[in-house]
Amino acid sequence: MDIINAKLLFDFAKNNPNAAGAINRWVEIVKTEKWKHHNDLKQTFPQADYVGNNRYVFNIAGNNYRLVAAAVFFAGALHIRFIGTHAQYDKIDCSTI
């Protein structure tokens, strides 16, 4: 899968070094995948939650952080919409961000 707006992830990792390893692992996994639909994504990340509007929430670094991405399966892309702590995540509407 192509990752759109990956800069958001890498900027977050620079400012949150304890998340960097987990973010890099997530990126490595996603880049090797060719998901065509929801079930493919869930096979790779069973704990990912679908929250509507093509958005998925991923738990990062042992569930210390949340990542929201919009999946565009036909284009083979994930568009990063948000990454942050649980407190930050609680302040957003992840189905529209």
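We did not get these values from a lab; they are worked out from the coordinates using the rules stated. Note that the structure is a prediction, hence the values are computed from the model and not measured. Cβ sites come from the backbone with ideal geometry, for glycine too, and all protein chains shown count toward neighbours.
Just wondering, is there one or more residues in the range 26-34 that are among the hydrophobic types (A, V, I, L, M, F, W, C), in contact (Cβ under 8 Å) with a residue 24 or more places away in the chain, within 14 Å of I83 (Cα to Cα) and surrounded by 13 or more Cβ atoms within 10 Å (Cβ to Cβ)? Yes. Restricting the range 45-54 to residues that are surrounded by 14 or more Cβ atoms within 10 Å (Cβ to Cβ) and without any contact (Cβ under 8 Å) to a residue 24 or more places away in the chain leaves a set whose member that is nearest to the chain's Cα centre (by Cα) is A48.
Of all the criteria given as (1) closer than 18 Å to R81 by Cα; (2) without any contact (Cβ under 8 Å) to a residue 24 or more places away in the chain, the one not satisfied by N16 is (2).
One residue stands out in the range 83-93 among those that are surrounded by fewer than 19 Cβ atoms within 10 Å (Cβ to Cβ) and of a type in the set (A, V, I, L, M, F, W, C): the one that is nearest to A13 (Cα to Cα), namely A87.
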